[in-house]
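Contents: one structure, followed by commentary.
The values are calculated or read from the model by the stated rules, or taken from the named source; none is laboratory data. Every value quoted in this text rests on a predicted model; they were computed, and no experiment measured them. A quick note on method: Cβ atoms are made from the backbone with ideal geometry, for glycine too, and the neighbour counts reach across all protein chains shown. Ligands, DNA and RNA are stripped out before the accessible areas are found, and what is left, the full protein with its side chains, is counted by its heavy atoms. Shrake-Rupley method; radii C 1.70, N 1.55, O 1.52, S 1.80 Å.
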Amino acid sequence: GGSLPETLVDALKALADPSRLKILRYLAEGTYTPAQLSRLLRLRAPTVIHHLNDLRLAGLVHLTLEEGGEKRYKARLEIVDGTFTTLRGFLDAGKED
């Protein structure tokens with residue numbers, strides 16, 4: 001019953017990885033570069049960049065380019081909150097069936 005919101009599925013897939021959850025926790029505190037996150041998490045930079053791309057495509061993080069081309073990421077907590085609001089709405093809609 002009921003169609004699944006694609007944005008909800010994408011966000012939950014992105015959140016289903018332990019490394020991405022750790023990255024999101026750091027990004028909830030402030031902005032970080034991939035290199036900084038790599039050092040904090042003890043992961044290779046390409047791995048961190050892959051996870052950041054997944055989080056960005058799901059709309060959960062925001063990317064800004066600093067002067068000189070440095071990339072900085074920050075969590076989009078309003079989208080994280082919205083994801084769980086959408087999930088709750090989807091689950092509650094099942095009660096009406």
Give the number of residues within segment 18-57 that are in contact with a Pro (Cβ under 8 Å, 6 or more places away or on another chain) and closer than 14 Å to Arg72 by Cβ. 3
Would it be correct to say that Leu41 is of a type outside the set (Gly, Ala, Ser), within 18 Å of Asp10 (Cβ to Cβ) and at pLDDT 95 or above? no
Just give me the residues in segment 23-35 being surrounded by 15 or more Cβ atoms within 10 Å (Cβ to Cβ) and in contact with a helix residue (DSSP H, G or I) (Cβ under 9 Å, 6 or more places away or on another chain), in sequence order. Ile23, Leu24, Tyr26, Leu27, Tyr32, Pro34
For segment 52-68, enumerate the residues that are surrounded by 13 or more Cβ atoms within 10 Å (Cβ to Cβ) and of a type in the set (Gly, Ala, Ser). Ala58, Gly59
Some residue of segment 14-22 being open to solvent by less than 50 Å² (accessible area, probe 1.4 Å) and assigned to a loop (DSSP other than H, G, I, E, B): yes
